[in-house]
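First comes the structure, then the notes that go with it.
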Amino acid sequence: MFSIFILEKDRNWKGVLSDALNITNKLTFWPDGKDIFEELKSIHYDLIILDLDPDQEDPFDLLRWLRLTLPHTPVIIMSRKEKAELVVTAIKQGAYNFIAKPFSSPRIKLAVQQALENISYKKEIDYLRREQDIIYNFDKIIAFSPVMKEVVKILKKFSKTDATILMTGETGTGKSFLSGTIHFNSHRQKKPFIKISCSNIPETLLESELFGHEKGAFTGADRMRIGRFEQAHGGTLFLDEIGELTPLLQAKLLRVLEERCFERVGGNQTIHADVRVIAATNRNLENLIAEGKFREDLYYRINILSVVLPALRERTQCIEPLSYWLLENTCRSLKKTIAGFTPTVIQWIKGYSWPGNIRQLSNTIERAVILEEGSIIHKESVSMLEPVEPVRTQNTASPRESLASSEKEMILKALQESLWIQKDAAKLLGITPRILNYKIKKFNITHPRWRKNR
């Protein structure tokens, strides 16, 4: 016997459904006034039947929540209206079937039978073939908060163009994933999507990574290398942490964006670049421009289309469904079966500010899944891993003071590594000698070898 959850307010239609389905199934009709979300999270149902009111402001909100929270439970939508746009949207949002009222008992019986058979087949297929981990689909993005809904709306528009995009936001807010979503929903979707982080590769190697090099271009270049721009020809190149580029590479990138061409390192053949660039950073580029660390003309060139990704604490409505989505993916990866979280854990998850954003939430859930020995995540599996937020006191340095201290330490380290030769230190830091000299005076840095300090 299968268990079926039914959301239907009309008494007459409740009778029709009961007569048609209650012989071979256990039916639960949801009464008004109770928390439907808690019910569906705590009790397993084989099938869900929802009556859709097309006059509601967002009639598919519950359906989207179900697809994210209970992705393996089929949902049948009923509605008194059968407009083509309603049917298409319902199917796109994940409904298994759409049935218009009025319908007959045989019609609903057949739809229920097909849905239950389909979920059985799907479980067998999932056992034999692991589902794709990443699905670049705008409709799959968890966007229950108004600010995130607006971001998705903007990105959908951006995906239809070839213009350069600048994505800003804190670390871990999903810039890499959303760049992929833009690409795979654009006319370039069948062409390469190439990612590269500009922060983890030294300048000399990064130039080769971006533009490639010819054989013999430098020591160790024993063969020609195709760079990321060539690899992404016809497609999209995602440049993460673009604020870390040195002035030399900024100039070369500006040329590629303006002239759509480049040369490999050590080569003289001009190569055409049909590439759509999406850049991302967690730094304030306008501040870097004021400090002389980022080219103003490059900023305007990559900032044709821009979007700011909100921190997780600014989209609290997304935290719970996102947690269930991450839990499902983690369990599939680790081959474990965990149904959900206890109410205490959910309240903790929803109440924490998540300074590391989605990345921190994902890591926390992964660790909890590894530790949990039961069928649901308990507080014991996360309490020892609970992140500690810094507590500010009167003696705590301000962000500005902390930044200045870090900057001074970085300059001192570069000077030490370059034997206190300012020109070489400036090159290590990726800034001009003039800017370095200004910083040295600002932080009152001295050394006996410098004549002016003797």
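Please treat every number below as a calculation from the coordinates, not as lab data. Every value quoted in this text rests on a predicted model; they were computed, and no experiment measured them. Counting neighbours? That spans all protein chains shown, and the Cβs are built from the backbone with ideal geometry, glycine included.
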Inset, instruction - Could you work out the relative contact order of the chain, using alpha carbon pairs under 8 angstrom and six or more residues apart, expressed as a whole percent? - result: 12
Inset, instruction - Please list the non-local residues whose amide H lies under 5 Å from the amide H of residue 78, H modeled 1.01 Å from N, same-chain partners needing a gap of 5 or more. - result: 50, 51, 52, 99
Inset, instruction - Compute the length gained on full extension between residue 447 and residue 27: take 0.36 nm times their separation in residues and subtract their Cα-Cα distance, giving the result in nm to one decimal. - result: 143.0 nm
Inset, instruction - Can you quote the Å³ per residue value for the convex hull of the Cα atoms in the chain, rounded to an integer? - result: 201
Legend entry - Added length on full extension, which subtracts the Cα-Cα distance from 0.36 nm per residue, residue 171 to residue 138: 9.8 nm
Legend entry - Projected area averaged over orientations for segment 146-308, convex hull of C-alpha atoms, nm²: 9.6
Inset, instruction - Report the local net charge at residue 369: Lys and Arg +1, Asp and Glu -1, summed over other residues whose C-beta lies under 11 Å from its C-beta. - result: 0
Inset, instruction - Using a Förster distance of 22 angstrom, determine the FRET efficiency expected from the C-beta separation of residue 260 and residue 303, and round it to 0.05. - result: 0.75
Inset, instruction - Please give the length that would be gained between residue 200 and residue 353 if that part of the chain were fully extended, namely 0.36 nm times their separation in residues minus their C-alpha to C-alpha distance (nm, one decimal). - result: 52.3 nm
Legend entry - Rule-of-thumb Rg ratio for segment 258-374 [Cα; 2.2 N^0.38 Å; N residues]: 1.60
Inset, instruction - For residue 437 paired with residue 339, estimate the spin-label separation in nm (one decimal), with each label point 7 Å from Cα along the Cα-to-Cβ line. - result: 7.2
Inset, instruction - For n ≥ 4 DSSP H runs only, could you compute -39500 (n - 2.57) per run for the chain, divide by its residues and tell me the 222 nm figure to the nearest 500? - result: -13500 deg cm²/dmol
Inset, instruction - From zero up to wherever the largest Cα-Cα distance of segment 2-128 sits, split into 10 Å bins and tell me the percent of pairs in each. - result: 12, 47, 36, 5, 0
Legend entry - Simple spin-label estimate for residue 12 and residue 81 in nanometres, 7 Å along Cα-Cβ: 2.0
